[in-house]
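First up is the structure itself, then whatever we jot down about it.
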Amino acid sequence: MIEVLGSDRDKLKSLLDREPIRYAGSIHRVCGENRNDHRVYVDDPDNPLAILTVAVREDTGLSIVGFDDDAVRNLLADLEVKKGLFHSVESRIVPIIEELFDIDYKGECWLYVPAKPIEDEVGYEMTDLQPDDAPIVAKYWELGDYDEEFLRGKIKTGISAAIRLDGELVAWAGTYFKTDKACHMGFLHVKEEHRRKGLARAVSIGLCRKIQDAGLVPYAYLFKDNEASIALAEGMGFERIGEGTWVGIAGRRHP
């Protein structure tokens, strides 16, 4: 395991750009806006076949991209973390993680992108999420323990869409991060009392169009058992192009 520092990280982008949407999470961590929040390791600096990122923060976030299974296995064999969460892992790499670590979480997702640019009309007045909306978004957050400050940061730096009726925030969608080519959509929510009015579709279309206006491709990972979100995405013209699994580890597996 060899750490990659400084401008040498940028040299890895040509490898990751082989799949600019599938590998967007790693691109973001290796050479994106939050590159200083992640350490980057490779199996071989001269001919890297596996790229691992490890978040600097204590609640360790991880990503792994590999073009050779043995390179992935060798790189992960040197990983020393007691607990962490791998993001959007390709299906062929999941068994290698399971071989080396104790698993305490596994979330399987489909990867969706628009088959063609989204041009549908929204039908509602669209606004942006504001930093002051973070407490409301956090209240309805269902994935993990991210706090208001985390969401406030995403709202400040990301692309978002929101619908307000009589001044009340009733539907919203935001983004986790963006690269130079793609933008990861997320945290879609419609308040219960305002559902079945087409707001989820409207705010999703609004977000897609904003992302496209920025010259980026919108994409989303949807849990395989989330039938409602899958139906919404496919109804908007999204197509499934792959899959990714979130894998939580709880230490090294011992024979």
Subject >> Considering residues of segment 81-95 that are of a type in the set (G, A, S) and assigned to a strand (DSSP E or B) only, the residue farthest from G242 (Cα to Cα) >> reply: G84
Original post:
Which residue out of V4, V56, V40 is among the β-branched types (V, I, T), at pLDDT below 90 and more than 29 Å from F238 (Cβ to Cβ)?
Top reply: V56
Original post:
Regarding D133, is this residue of a type in the set (D, E), modelled with pLDDT of 90 or more and crowded, with 19+ Cβ neighbours inside 10 Å?
Top reply: yes
**OP:** Write out, first by first residue and then by second, each pair whose Cβ atoms fall under 8 Å of each other, whose residues are 6+ apart or on separate chains, and whose first residue, in segment 36-63, is assigned by TED's automatic domain parsing to the domain that holds K82 and surrounded by 13 or more Cβ atoms within 10 Å (Cβ to Cβ) while the second is assigned to a loop (DSSP other than H, G, I, E, B) and basic (K, R).
**Re:** D37/R57; T60/K83
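The values are calculated or read from the model by the stated rules, or taken from the named source; none is laboratory data. Just so we're clear, the structure is a prediction, and the values are computed from it rather than from any experiment. All Cβ positions, glycine included, derive from the backbone under ideal geometry; neighbour counts span all protein chains shown.
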